[in-house]
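Structure record follows, encoded as structure tokens.
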Amino acid sequence: MPITFEMTKYKANPDANWVVKYPNMRGIMSCMVLFMDCCCGSGIGSAGLRSIGLNPLAFDHDQALLSLGFAQGRLDPCETACIDATMASAYFEPAPYGAALMLGTIHSFDREIWEGIAREFLSLSERSLLTVATKEEMDLVAAWCEDEGRNPEVWENERDAVYDRWVCLT
């Protein structure tokens with residue numbers, strides 16, 4: 001099967017956002033993008049990114065949240081994937097930038113899942129922004145970043161009392 005390329009120029013910022021879509025060796029659609037929105041949920045972060053001219057490739061595994069994002073117009077079906085984030089590199093090539101906003105509550109029983117998601121996300125984004133609710137969760141995220149050879153810059157976001165209280169830029 002010959003490899004074909006499809007170039008799509010986004011309307012919001014036609015000079016900055018190019019996406020190249022091509023079938024990879026396993027026949028799975030791969031994308032090279034400028035910005036990724038990992039664990040996008042219902043697309044609140046994607047909507048914010050789109051409002052400043054970015055067109056993120058959003059992904060999550062929660063079909064209900066993705067459906068809500070489509071219904072509310074926060075997610076674009078052409079720029080959204082329903083996948084297991086611990087295996088995102090099987091579907092996507094690395095991007096220069098990425099965000100993992102409002103990561104879910106990290107409990108002792110699902111810590112390994114969140115660690116897998118964070119490490120996979122870090123392997124796919126050269127410059128990464130991650131947010132969590134608590135200092136304890138951020139300590140874990142920062143340690144995972146350091147384990148991946150990153151130098152995390154962490155601070156408390158006093159403007160958000162719940163979801164994005166702790167911020168990590170790496």
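The values are calculated or read from the model by the stated rules, or taken from the named source; none is laboratory data. Small disclaimer: the values here were computed from a predicted structure and weren't measured. Positions of Cβ are backbone-derived with ideal geometry, glycine not excepted, and every protein chain shown enters the neighbour counts. Just the protein is used for accessible areas: all its heavy atoms, side chains included, with ligands, DNA and RNA removed. Shrake-Rupley method; radii C 1.70, N 1.55, O 1.52, S 1.80 Å.
Just one of the numbered conditions (1) closer than 23 Å to Val141 by Cβ; (2) charged (D, E, K, R); (3) outside any helix (DSSP H, G or I) is not true of Glu120: (3).
Considering region 138-162, and only residues there that are touching a strand residue (DSSP E or B) at 6+ places or on another chain (Cβ under 7 Å) and of a type outside the set (A, V, I, L, M, F, W, C), the residue that is most open to solvent (accessible area, probe 1.4 Å) turns out to be Glu153.
In this structure, Gly45 does not satisfy being open to solvent by less than 50 Å² (accessible area, probe 1.4 Å), closer than 29 Å to Thr134 by Cα, part of a loop (DSSP other than H, G, I, E, B) and at pLDDT 90 or above.
With the requirement that a residue be among the small types (Gly, Ala, Ser) and touching a Ser or Thr at 6+ places or on another chain (Cβ under 9 Å), what does region 128-170 give you? Spell out the reasoning first.
Within region 128-170, the first condition is being among the small types (Gly, Ala, Ser), and the residues that meet it are 128, 133, 142-143, 149, 161.
Within region 128-170, Ser128, Ala133, Ala142 meet the criteria.
Which of the residues belonging to region 78-101 are of a type in the set (A, V, I, L, M) and open to solvent by less than 70 Å² (accessible area, probe 1.4 Å)? Talk me through it step by step, then tell me what you get.
Let us first name the residues in region 78-101 that are of a type in the set (A, V, I, L, M), namely 81, 83, 85, 87-88, 90, 95, 99-101.
Those that are of a type in the set (A, V, I, L, M) and open to solvent by less than 70 Å² (accessible area, probe 1.4 Å): Ala81, Ile83, Ala85, Ala88, Ala90, Ala95, Ala99, Ala100, Leu101.
Of all residues in region 60-69, those satisfying the criterion of being of a type outside the set (D, E, K, R) and either outside any helix (DSSP H, G or I) or farther than 11 Å from Ser46 by Cβ (or both) are His61, Gln63, Ala64, Leu65, Ser67, Leu68.
Of the residues Phe59, Phe70, which single one is modelled with pLDDT of 95 or more, aromatic (Phe, Trp, Tyr), closer than 26 Å to Thr105 by Cα and more than 13 Å from the chain's Cα centre (by Cα)? Walk me through how you get there before you give the answer.
On the way: Phe59 fails: more than 13 Å from the chain's Cα centre (by Cα).
Just one listed residue meets the conditions, Phe70.
Scanning region 152-164 for any residue that is under 14 Å from Gly41 (Cα atoms), in contact (Cβ under 8 Å) with a residue 12 or more places away in the chain and touching a Gly at 6+ places or on another chain (Cβ under 7 Å) turns up nothing.
Assess whether Pro56 counts as being in contact (Cβ under 8 Å) with a residue 12 or more places away in the chain, within 17 Å of Cys168 (Cβ to Cβ) and open to solvent by less than 30 Å² (accessible area, probe 1.4 Å).
Details: in contact (Cβ under 8 Å) with a residue 12 or more places away in the chain: yes; within 17 Å of Cys168 (Cβ to Cβ): no; open to solvent by less than 30 Å² (accessible area, probe 1.4 Å): yes.
Criteria not met by Pro56.
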